[in-house]
Structures are given as structure tokens and as C-alpha cells.
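First up is the structure itself, then whatever we jot down about it.
The values are calculated or read from the model by the stated rules, or taken from the named source; none is laboratory data. Model, not experiment: these values are computed from the prediction. No Cβ is skipped: glycine too gets one built from the backbone with ideal geometry, and neighbour counts run over all protein chains shown.
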Amino acid sequence: MRRTVLFLVTSFWAYGELAIATEFAQRMAGTGFRPLFLVPPSHRRLIANAGLDYQVMVPGAGKINRIQLQDIQHVHRPALVVLADFMNYDFCDRHYGLSRADLSIFDCPIGTFDNFSWGRPGAWLDTYGFKAKYEADISLDGLAFRLRPCPLNNPLDEMSGPDVHAYPLLESTVDVPVAQRADVRRELGLTRDRPVVLVTGATWQRMHQAYPRVVNFVDASHRMLERLLSRLLEHADVLAVGPQLVFHDRVPDGFYPLGPVEPERFRRLIQAVDLHISNNIVSVSLHRLALRGIPSVVLMNSLTLRNGRLRWEGTTDRPLTDFARQVVEGVDYLYPCRMFPVGWYHFLHSLLADNPFTDVVPHVEMFDEEAALATVLPLLGRGPERDRLTQARETYLGALRKLPDVDTVLRQVTAL
């Protein structure tokens with residue numbers, strides 16, 4: 001009889017944590033374990049389409065949700081409980097009425113996905129440029145194990161204890177198939193024989209509207225993205241997946257805003273893609289495409305502006321074009337950012353230092369217009385820059401192959 005692993009998912013606006021959990025759960029087939037999910041209503045369809053067993057929490061109904069936990073313990077007696085996002089679970093009482101104390105109903109090890117090696121020395125959580133006030137409220141105390149997916153965790157990191165289990169985030173890292181590339185291009189209306197650039201974004205990245213200074217920074221960043229894409233459109237067609245962030249007044253020739261895309265369609269359309277641009281280094285889609293052979297770059301920002309002082313954070317000064325300077329002069333606050341628009345510049349610094357994944361995915365400064373273009377353009381076609389990324393990918397995959405698989409990790413954790 002297979003033993004149940006319960007995955008608790010409480011973040012209803014973000015899908016990255018869900019993707020990490022479902023990827024892990026789908027690889028439990030053929031093991032002595034079976035997954036069961038407890039998810040928000042917003043994730044019902046995605047879990048069902050993934051073919052995974054699930055139950056749904058009721059928003060604002062703490063008593064009902066606690067009864068669900070009790071029922072799961074009584075019926076399934078889980079061998080493990082995994083918090084898909086411990087950072088969010090500690091704040092989910094306002095949405096689902098659940099707390100850490102409610103997990104005491106389970107008589108098994110309780111742990112979490114530790115996506116960022118939480119507790120790294122010197123790391124502090126910067127949100128919109130400021131130290132997060134809620135950081136002190138986030139803790140892994142009392143949790144029995146940590147599952148560390150790579151990427152974004154460093155597969156070469158040896159600073160881990162017996163409760164830490166690094167494993168490859170993705171099961172499949174084979175090259176994206178191109179057998180149907182011509183058909184996909186026709187379906188998308190790509191009639192010219194030009195490279196195709198994919199730009200991705202997520203709905204949660206629009207949850208900053210309550211902060212006027214942040215809105216100005218976001219608008220400035222989108223102007224720089226629009227500028228970069230305008231120049232790329234001279235050489236390539238551009239597909240945009242997710243909320244449309246640019247070209248609101250006029251959609252230029254060669255720009256295709258697709259809006260939100262279902263996973264199955266996304267898996268098909270990437271056959272037409274030659275280069276991927278993301279502004280979120282923690283994006284599972286970014287990791288998936290880069291490790292499956294699609295050259296990818298991530299936009300970041302080290303340019304800061306506070307109290308009228310403009311400077312580059314942690315790097316030498318970079319020249320601004322006239323366009324970039326005009327954009328900067330239109331705002332009064334810029335903050336460093338690796339995960340747009342939240343920030344996490346300092347929080348992710350030590351995680352990325354000496355991390356071989358940074359060789360796979362080049363980082364591009366969004367306000368350094370000329371350097372950004374100089375990095376992206378050579379990746380549109382064959383050449384030494386693409387060859388370098390291919391070699392970096394192979395080196396990284398070699399490191400991943402040395403990590404234990406999901407079945408091994410589960411057996412290690414249940415032996416605690």
C-alpha cells in the first residue's frame with residue numbers, strides 16, 4: 001500500500017510554488033508514495049489537469065479547513081506533510097484560518113520546499129527596496145525537513161545538514177522539440193523567416209498598485225522593456241505571454257500579445273521560440289526553458305535613486321543613453337531588483353554567488369540600454385554566445401545528475 005504525501009498550497013495568486021510542488025508530485029509515480037493536494041479554489045483546474053488527487057480549501061472558513069485537515073489525517077494518515085510555500089503558510093490565517101498549530105493533527109514529519117536556502121548568512125529580505133518588516137515573522141523552526149529544488153538553489157552547495165535535501169527541480173531537461181516548429185509558427189501568424197523572442201510575465205507581478213512610488217518604478221521599467229523590444233523588433237518577432245505590459249497605445253508590427261496561456265498551449269508554442277526574456281530570476285518557466293535548451297536572459301536592476309542621488313548598487317557606474325536618462329528623470333525612486341517588481345536584490349545575492357545557474361542565464365541591466373541590446377542580439381542566432389550558453393547548460397545538468405531523485409529523497413525524509 002502506497003503512503004500518502006500531503007502537499008499544502010496556500011498561495012492563491014502565485015503559481016510558481018504550485019509548479020514546484022506538482023513537478024515533484026508527478027515524479028512520485030512508481031514509488032511507494034502517492035500525492036494528495038490541499039489547494040485554494042484558484043488552483044483546482046491546474047491540479048485536475050495534472051492528474052493529481054486534491055481537495056479544496058474554503059476561503060474564510062477556518063473551522064471547515066481544520067476539519068479537512070482532521071479528515072485527511074483520519075482517512076489517509078500521511079507519511080509526510082509538505083508546505084508548498086512556508087513563507088505564505090505563516091500568513092494564511094487571514095485567508096483560510098489555518099496556523100502552524102493546526103498542523104499538530106498530523107503524526108508524521110512536516111517540512112517544506114526551501115526554494116531559496118532560507119537563513120543564508122548575510123541574506124536579508126528587501127521588498128521594494130526596503131527591509132521587509134515581516135521578515136522576523138518567517139521561520140522554519142519546528143519543521144523537520146527542507147526540500148531544496150535546483151535551480152534556483154545551488155547544486156554545488158555543501159553547506160547543508162541532515163534535514164536538507166537538494167534535488168533537481170525538473171525531471172525532463174531534454175531539448176525542446178522542433179518537429180512542429182513550422183506548424184506552430186503558422187498557427188501564431190509568424191509569416192516571416194525571422195527569429196522569435198518570447199517575453200513572459202505573471203499576474204502576481206501587478207500586485208504593487210498600493211505603493212505609488214513603486215508604480216512609478218514599474219512604469220519606468222516597462223518603458224525600458226518597451227524600448228528594448230522596439231529595437232529587437234528590427235531583427236525578430238516577439239511573443240508576449242501574460243499580462244500585456246508594453247505597447248498599449250500602438251501594437252507594432254511583429255509584436256504578438258498572447259495574454260495568459262494554458263500550460264498545454266505554452267508547451268506547444270515554445271517550439272517556435274529562439275530566445276526567452278524574463279524579469280523574474282525565480283520563475284519556474286525561466287528555469288524550464290533555459291534547461292531545455294532555449295537561450296534565456298533575465299532582466300534585473302542595480303540602478304538606485306533615493307533622495308535625489310542616482311547610483312549603481314554593487315557595480316561600477318554604467319553610462320545611460322539619452323532615452324534611459326529621460327526615463328530616470330521622470331521618477332523619484334528607483335530600487336535594486338532581481339525579482340520584478342518585489343525586489344529581492346540583496347536577499348538573492350548570496351544565493352546566486354558562485355551559483356553555476358548564473359552561467360546558464362545571463363543577467364541584463366534593464367536601464368543599461370546599450371549593454372542589454374549587446375547581450376541579447378547575439379543570442380538570436382547561432383554563434384559563440386549561444387555556444388557558451390549550451391556548454392554552461394551541459395555543465396549545470398551534469399551537476400544536477402549527481403543529486404538524488406524524488407524517490408530517494410522521500411525515503412530519506414521518511415527515515416527521519
Among the residues of the range 130-145, are any part of a helix (DSSP H, G or I) and touching a residue at least 12 places away in the same chain (Cβ under 8 Å)?
yes
Of everything in the range 291-344, what is more than 28 Å from the chain's Cα centre (by Cα) and among the acidic types (Asp, Glu)? Give them in sequence order.
Asp317, Asp322, Glu329, Asp332
Looking at (1) surrounded by fewer than 18 Cβ atoms within 10 Å (Cβ to Cβ); (2) within 30 Å of Leu258 (Cα to Cα); (3) not hydroxyl-bearing (Ser, Thr, Tyr), which is the only condition Pro151 fails?
(1)
From Val376, Val328, Val364, residue being within 25 Å of Gly16 (Cβ to Cβ) and either aromatic (Phe, Trp, Tyr) or assigned to a helix (DSSP H, G or I) (or both)
Val376
From the list Ala353, Ala371, Ala415, which residue is hydrophobic (A, V, I, L, M, F, W, C), modelled with pLDDT under 95, surrounded by fewer than 17 Cβ atoms within 10 Å (Cβ to Cβ) and within 17 Å of Ser302 (Cα to Cα)?
Ala353
With the structure loaded, tell me whether Arg267 is more than 28 Å from Glu17 (Cα to Cα), of a type outside the set (Asp, Glu) and not assigned by TED's automatic domain parsing to the domain that holds His43 or whether it fails that test.
no
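Conditions (1) over 28 Å from Gln391 (Cβ atoms); (2) free of Cβ contacts under 8 Å to residues at least 60 places away in the same chain, marked per residue:
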residue	(1), (2)
Phe266	no, yes
Leu275	no, no
Asn280	no, no
Ala290	no, no
Glu313	yes, yes
Within the range 345-361, restricting to residues that are part of a helix (DSSP H, G or I) and of a type in the set (Ser, Thr, Tyr), the one that is nearest to the chain's Cα centre (by Cα) is Thr358
Mind listing whichever residues of the range 154-176 are outside any loop (DSSP other than H, G, I, E, B) and crowded, with 18+ Cβ neighbours inside 10 Å?
His165, Ala166, Tyr167, Pro168
Exactly one of Asp90, Asp107, Asp102, Asp71 is without any contact (Cβ under 8 Å) to a residue 24 or more places away in the chain, charged (D, E, K, R), more than 17 Å from Tyr15 (Cα to Cα) and assigned by TED's automatic domain parsing to the domain that holds Arg148, and that one is Asp71
Kindly indicate the residue of the range 240-257 that is touching a residue at least 40 places away in the same chain (Cβ under 8 Å) and aliphatic (A, V, I, L, M) and also farthest from Val199 (Cα to Cα) among those meeting that condition.
Leu245
Residue match in the range 382-393 (condition: free of Cβ contacts under 8 Å to residues at least 40 places away in the same chain, within 22 Å of the chain's Cα centre (by Cα) and over 27 Å from Arg231 (Cα atoms)):
yes
